[in-house]
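The structure under discussion appears below in the form of structure tokens.
The values are calculated or read from the model by the stated rules, or taken from the named source; none is laboratory data. Note that the coordinates shown come from a computational prediction; the quantities given were computed from them, not determined experimentally. Cβ sites come from the backbone with ideal geometry, for glycine too, and all protein chains shown count toward neighbours. We work out accessible area using only protein heavy atoms, side chains counted, and drop any ligands, DNA or RNA first. Shrake-Rupley method; radii C 1.70, N 1.55, O 1.52, S 1.80 Å.
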Amino acid sequence: MGKLLTLLLLLTLWACQSESRNSTNSLKLKAPSGELIKTRLVYTPRDMEQGLSGTKPDQFAEDEGMLFFYMADDEKNFWMPDTYFDLDLIYLNHDLIINDIIRKLPHYTGRSNPDLIPRARNVYARHVLEMKATSPISAKLKVGDKLEWISSQSLGETTERITKELQTPQ
């Protein structure tokens, strides 16, 4: 009986930790228009590789974004395997100022022919925000706009947390 109780306690603690981690990986970004972008934060190599691949249009709203959170500025390159809707790619500097936008990058269902999978040109940036190309919020964004970080953790705290997580062996 004691082993079962210990196991249940460990599972409960793990679930709480997992839930806490997931809640810190969603936030909102505020556009200059005042509109809020519900944002999924991805930063592990596995999550970044997955991105929005396999996500159906009804699983990703017009006011949602996926923020690829990098720790350094460099050239970013994206491709669109197994995607089901066109995307806008919004490239941001470390202060969340937009330094480039690629509009309507075509989707490509599947991975069978890599030569046909659309690829974005390389862009020098810190972070990349993906939004549906049909998003009215995305359509209003322009180079030079600054997005506002809205989360229980500041941008700096989030950077510190992610740095620690990425340095901790799994």
Quick one: 3J(HN,Hα) in Hz for the range 40-46, Karplus 6.51/-1.76/1.60 with θ = phi - 60°, rounded, Gly and Pro as x. 9, 9, 10, 8, 7, x, 5
Going by amide H atoms built from the backbone, whose H comes under 5 Å of the H on Ser26, apart from near neighbours? Leu41
Per q in 0.14, 0.34 Å⁻¹, report the Debye log10 I(q)/I(0) for the range 88-132, using one uniform scatterer on each alpha carbon and no solvent. -0.39, -1.21
List, in order, the whole-Hz ³J(HN,Hα) value for each residue of the range 62-77 obtained from phi through the Karplus relation with A = 6.51, B = -1.76, C = 1.60 and θ = phi - 60°; use x for Gly and Pro. 5, 9, 9, x, 10, 9, 7, 9, 9, 9, 8, 7, 5, 6, 9, 9
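Taking the Cβ-Cβ separation of Ser53 and Ser154 as r and a Förster radius of 35 Å, what is the calculated FRET efficiency to the nearest 0.05? Spell out each step's value before the answer.
On the way: r = 30 Å, r/R0 = 0.86.
So the FRET efficiency works out to roughly 0.70.
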Spelling it out for Gly65: with amide H atoms placed in the peptide plane at 1.01 Å from N, the residues 5 or more places away or on another chain with amide H under 5 Å from its amide H are Lys38, Thr39, Arg40
Note down the accessible area of Asp58, probe 1.4 Å, to the nearest 10 Å². 140 Å²
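Once R0 is set to 35 Å, what does the formula 1/(1 + (r/R0)^6) return for the Cβ-Cβ distance between Lys28 and Thr109, expressed as a FRET efficiency to the nearest 0.05?
On the way: r = 30 Å, r/R0 = 0.85.
Taking R0 as 35 Å, the efficiency between Lys28 and Thr109 is 0.75.
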Could you work out the helix-only [θ] at 222 nm for the chain, with each DSSP H run of four or more residues adding -39,500 (n - 2.57) and the total divided by the number of residues, to the nearest 500 deg cm²/dmol? -8500 deg cm²/dmol
The ³J(HN,Hα) series, computed from each phi in the range 106-122 with the Karplus coefficients 6.51, -1.76 and 1.60 at θ = phi - 60°, rounded to the nearest Hz and given as x for glycine or proline, is x, 7, 8, 7, x, 9, 5, 10, x, 5, 8, 6, x, 10, 7, 5, 5
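Would you kindly state the longest site-free stretch of the chain, with sites defined as trypsin sites (Lys or Arg not before Pro) in a DSSP loop (not H, G, I, E, B) surrounded by at most 12 other Cβ atoms within 10 Å? Mind dumping the intermediate values first?
Values: sites that count: Arg111, Arg121, Lys142.
In the chain, the maximal stretch lacking such sites is 1-110.
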Kindly express, to the nearest 10 degrees and within the range 0 to 90, the angle between helix 155-167's C-alpha long axis and the longest C-alpha principal axis of the chain. 60 degrees
For the chain, alpha-carbon Rg over 2.2 N^0.38 Å: 1.15
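Please say if the range 108-170 is rounded, prolate or oblate, where rounded means a/c under 1.5 for a ≥ b ≥ c the square roots of the C-alpha gyration tensor eigenvalues, and otherwise the choice is prolate for a/b larger than b/c and oblate otherwise? The partial results should precede the final answer.
Details: a/c = 2.37, a/b = 1.27, b/c = 1.86.
Taking the square roots of the gyration eigenvalues as a ≥ b ≥ c, the range 108-170 is oblate.
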Most to least accessible of Ile101, Ile90, Ile150 (protein chains only, probe 1.4 Å): Ile150, Ile101, Ile90
